[in-house]
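A short write-up of the structure that comes next.
The numbers here are math on the coordinates, done by the rules we state, and not lab data. Quick caveat, the model's predicted, so the values are computed rather than measured. No Cβ is skipped: glycine too gets one built from the backbone with ideal geometry, and neighbour counts run over all protein chains shown.
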Amino acid sequence: MIDTHVHVGHWAKTTEKTTVAEVFCQRLNAGLTQIICMPTDLEKNYRMKDRVQFFNGPEGKELLFGYWINPYRDLAIVLEEIEFLKPVMLKYHPSHSQKRVNAPDLESFWHSIDILELPLLVHCGRWQEMASYNFVFDLVDQFPTLNVIAAHWGGVSTELKMAFSKRLNQECWPNLFLETSSIITGPITQGVTVEEFKELMQLVPTTQMLFGSDYPFFSMTESAKFLRENLHPGSIYQIEINEKRVFKR
């Protein structure tokens with residue numbers, strides 16, 4: 001499996017910090033094939049890309065590069081940078097940006113990303129006025145060919161995960177995926193129980209699941225272990241098929 005949600009560097013408002021070497025070792029411990037490394041709110045995208053390339057070496061592909069979007073930069077320049085750096089995925093964090101993912105002034109930008117066929121990971125959190133999973137549904141409605149990944153299974157609480165899953169279950173959303181970060185307990189969030197996980201899985205098709213840990217805030221190893229212990233091997237295989245579809249590899 002690929003860990004689709006890993007950040008490297010220092011954060012502005014937390015003491016958490018990570019290095020490329022650390023996440024590489026964590027990948028081995030977790031038994032994962034690849035990791036998508038994204039910068040934090042303080043790190044630069046081009047530096048993250050350089051670190052990933054340096055650590056991988058000329059032939060390595062264990063670490064992949066994900067691009068952090070700052071919506072307050074000139075978006076034409078952001079697009080040029082994205083095309084130059086060639087990330088495998090983009091990350092948008094509405095809570096950090098304090099701008100909803102479905103904000104009208106971002107519409108043309110998402111249209112360009114859709115043309116580039118790059119998947120978009122969107123933070124879904126407790127701040128419902130800014131980071132509600134409902135805004136992610138708005139986005140996939142507007143861009144039915146843009147692959148959008150709802151972080152934290154649609155929210156960092158069990159209640160939000162359940163509400164997201166029920167809405168996902170109501171209609172066909174072929175371009176909307178979820179990643180599994182926060183299914184285990186983290187520093188400030190409570191994970192799901194095995195019984196709650198089984199209930200969630202009754203609502204969510206495995207064809208729309210991806211693995212994510214949100215390391216370093218959640219353990220990469222324990223997140224992967226929880227999935228392997230509570231999913232059928234066929235479902236793990238389906239996640240790997242989904243990765244090929246979403247990341248075009």
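Results, tabulated for the structure shown:
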read-out	value
Unit charges on C-beta of K, R, D, E only; dipole of region 95-144, Debye	260 debye
Region 1-94: chymotrypsin sites (Phe, Trp or Tyr not before Pro) in DSSP coil with no more than 14 other Cβ atoms inside 10 Å	Tyr72
Helix-derived mean residue ellipticity, 222 nm - over the chain, DSSP H n ≥ 4, -39500 (n - 2.57), to 500	-13000 deg cm²/dmol
Per-selection Rg to Rh, region 98-160 - Cα, Kirkwood hydrodynamic radius	0.97
Net +/- balance of residues flanking Ser213 in space, Cβ distance below 12 Å, scoring K and R +1, D and E -1	-2
18 Å Cα-Cα reach of Lys61 towards aspartates and glutamates, excluding residues that sit fewer than 8 places from it in its own chain	Asp3, Glu22, Asp50, Glu240, Glu243
Relative contact order %, the chain, counting alpha carbon pairs below 8 Å whose residues are six or more apart	18 percent
Stretch gain in nm, segment Leu203-Glu22, where the contour uses 0.36 nm per residue and the Cα spacing is subtracted	61.6 nm
Beta bridge orientation in region 2-246: antiparallel %, DSSP, nearest 5	10 percent
Additional length obtainable on full extension of the chain from Ser112 to Lys244, 0.36 nm per residue less Cα span	45.3 nm
At most 15 other Cβ within 10 Å, DSSP loop - GluC sites (Glu not before Pro), region 34-85	Glu59
Radius of gyration and maximum dimension Dmax of region 1-93, Cα, Å	13.0, 40
Distribution of pairwise C-alpha distances over region 2-246, 5 Å bins, in %	1, 6, 14, 20, 21, 18, 12, 6, 1, 0
Electrostatic dipole magnitude of the chain [Cβ: Lys, Arg +1; Asp, Glu -1; Cα centre; debye, to 20]	320 debye
Too-long pairs where the Cα-Cα distance tops 31 Å, listed order kept, from Lys49/Lys225; Lys44/Lys166; Lys161/Lys248; Lys17/Lys198; Lys13/Lys166	Lys44/Lys166; Lys17/Lys198; Lys13/Lys166
Length added when fully stretched, Ser95-Lys166, from 0.36 nm per residue minus Cα-Cα	23.2 nm
